[in-house]
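The values are calculated or read from the model by the stated rules, or taken from the named source; none is laboratory data. Keep in mind that what you see is a predicted model, and the values were worked out from it rather than measured. Neighbour counts are summed over all protein chains in view; Cβ atoms, including those assigned to glycine, are modelled from backbone coordinates with ideal geometry.
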Amino acid sequence: MSPRSSARPTASRAGTASVGAPKGGTGPRPELRRGFEVLDQLLSLVKGQADARFYEDRWVTLRCANSRLYQPHAESVASLSLRVAVEGGQLGVATTTDLTSQGLKRVAEEATSLARVAPPVRGFPGFPSDPGGPTAEVPFAPRAEREDLEGLGDQLAGAFAIIEEGLGPSRISGVYNQGTSVVAVANTSGLRRGYRRSAAQASLLAEQPQKDPPVSGWSEGTHWDPEKVDLLSLAKEAVAATPRTAPRPAKPGKYRVLLMGPAVSELTGHLTWLGLGANAVEEGWSFLVKGQGKRLVAPAFELSDDPFSPHGVPAAVDYEGLPHRSRPIFRQGKAEGPAHDSITGARAERESTRNALPPEAPYGELGPLPLHLTMRAGDRSRDELVKDLKQGILVTRFWYVRSVHPGKTIITGMTRDGTYWVDKGEVQHPIRNLRFTESILRTLAGVESVGERLRGYGDERAFSAHVLAPIVSRSFTFTSATTF
């Protein structure tokens, strides 16, 4: 189960600073005006309660494989998601990209028809009213609006050249995404909020399959400002992660580990899906069922849900239109409560934590989740983290990760794209990849050092974007070895 893919249509609009439309304000910014006009027209067609989301996205994507750019494209999509409530608390959801009058009428009819045959939603409180106050401004990079496929292709060519110069003949693959999104939300309780965001995401994989065993190196990054996702810098990181000598065999066992940012991203991503939401708590399989309020991780590992971190992709409102706010996930080692939307919050007799996801598929069954997990930075450079490790394994990233036991946060997977043996506080040599089966919480409970450099890691359209740093943990269980 990968937390790294977004299935809703994506692409966007333009402007200078992404902001919302607070209740009682002077009206929406120009980039949001179209969205609210469409939403108001749509809601006028619904009898009873409803909420709706307008998405207007513009993205460019460049994919490469076998050292060739093979799929450059630009896309622009506007779409709607409508959720209707009928008497008895039954909810129906329908979506469309047809914004004509007929299209709006059709989606209203479809959502209403689905609601009439749906089972009642237990404890449905109605759609939230506007809580008042302004919608936060979030940073926006006008450069993200440029559909300069040729210029971005030249940058990718430059990244390829750096990898070839550093490693010799290589097989290079990766992706670069850059774009903007408008999100506007309105409901029949009078709430009308929205914002605009910019984002860039990239990953590069350098492979040398001709070597025995094959070797590879990985790098990735996500940020609201494309200037901060530099393909040339990522190419240098991929080169640095790639072994220059043949990896040596390593025995399974428990080791101290230095987990670089991509590896930490796998842990926090799976932790999100394995229990940080209210649905998982209600259904009894979240680690928070027994762990809330208890010390589960090392005090050095502080994690929050921070939609405003300047190192990631800030977001002003959730998908019910409630203004975002930051909250702790682990504070002084203790676990806080799960993420709530208005529906789960009402059932738990708690306020929404403003973590609603889009109600349409595939998110509707997941319930509320935090999408902006952010670590508190430490004070250790990479070299100092290696020294802190003393003896153990440096892991660039994990691959093919799957859940084993959600309640215990046990996952399984493999190391990949740069795994090294460290001894006496120095990197000694690359080692062959290892398979692991380990508890995320057990790993985080052993955190001793945290890196000083924060970086954003997200899915391809930055639907979620976590801000993380490398960590040293005193124990990690590797269960078997590989031949590569």
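Figures for the structure shown
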quantity	calculated
Candidate set: segment 214-236, residues that are in a helix (DSSP H, G or I) and buried (at least 21 other Cβ atoms within 10 Å of the Cβ); chosen: the one farthest from the chain's Cα centre (by Cα)	Ala235
Segment 296-328 - residue that is touching a residue at least 60 places away in the same chain (Cβ under 8 Å) and hydroxyl-bearing (Ser, Thr, Tyr) and, of those, farthest from Glu452 (Cα to Cα)	Tyr319
Selected residue (criterion: surrounded by the most Cβ atoms within 10 Å (Cβ to Cβ)) from residues of segment 116-167 that are of a type in the set (Phe, Trp, Tyr) and closer than 30 Å to Asp51 by Cβ	Phe140
Among (1) surrounded by fewer than 22 Cβ atoms within 10 Å (Cβ to Cβ); (2) in a loop (DSSP other than H, G, I, E, B); (3) touching a residue at least 24 places away in the same chain (Cβ under 8 Å); (4) not aliphatic (A, V, I, L, M) - the single one Glu351 does not satisfy	(3)
Answer residue from segment 412-465, given it is basic (Lys, Arg) and either surrounded by 18 or more Cβ atoms within 10 Å (Cβ to Cβ) or more than 26 Å from Leu371 (Cβ to Cβ) (or both) and is farthest from the chain's Cα centre (by Cα) among those	Lys424
Sole exception among (1) surrounded by fewer than 18 Cβ atoms within 10 Å (Cβ to Cβ); (2) in contact with a Lys or Arg (Cβ under 7 Å, 6 or more places away or on another chain) for Ala111, by number	(1)
Filtered residues of segment 362-385 (kept if buried (at least 21 other Cβ atoms within 10 Å of the Cβ) and outside any loop (DSSP other than H, G, I, E, B))	Leu373, Thr374, Met375, Arg380, Leu385
Residue selected from segment 2-49 under the condition among the hydrophobic types (A, V, I, L, M, F, W, C) and touching a helix residue (DSSP H, G or I) at 6+ places or on another chain (Cβ under 6 Å), by the criterion modelled with the lowest pLDDT	Ala14
Test: residue in segment 422-431 that is without any contact (Cβ under 8 Å) to a residue 12 or more places away in the chain and farther than 30 Å from Ala200 by Cβ	yes
Strands (runs of 3 or more DSSP E) wholly inside segment 389-484 that include at least 2 residues being over 19 Å from Lys251 (Cα atoms)	392-405, 410-423, 447-450, 455-458, 465-468, 471-481
Residue in segment 96-115 that is at pLDDT 95 or above, within 31 Å of the chain's Cα centre (by Cα) and among the polar types (S, T, N, Q) present	yes
Filter result for Gly166 (assigned to a strand (DSSP E or B) and not hydroxyl-bearing (Ser, Thr, Tyr))	no
Any chance Ser265 is over 30 Å from Gly132 (Cα atoms), without any contact (Cβ under 8 Å) to a residue 60 or more places away in the chain and either buried (at least 24 other Cβ atoms within 10 Å of the Cβ) or touching a Leu at 6+ places or on another chain (Cβ under 6 Å) (or both)	no
Complete set of residues in segment 458-484 that are under 17 Å from Trp273 (Cβ atoms) and in contact with a Leu (Cβ under 6 Å, 6 or more places away or on another chain)	Ser464, His466
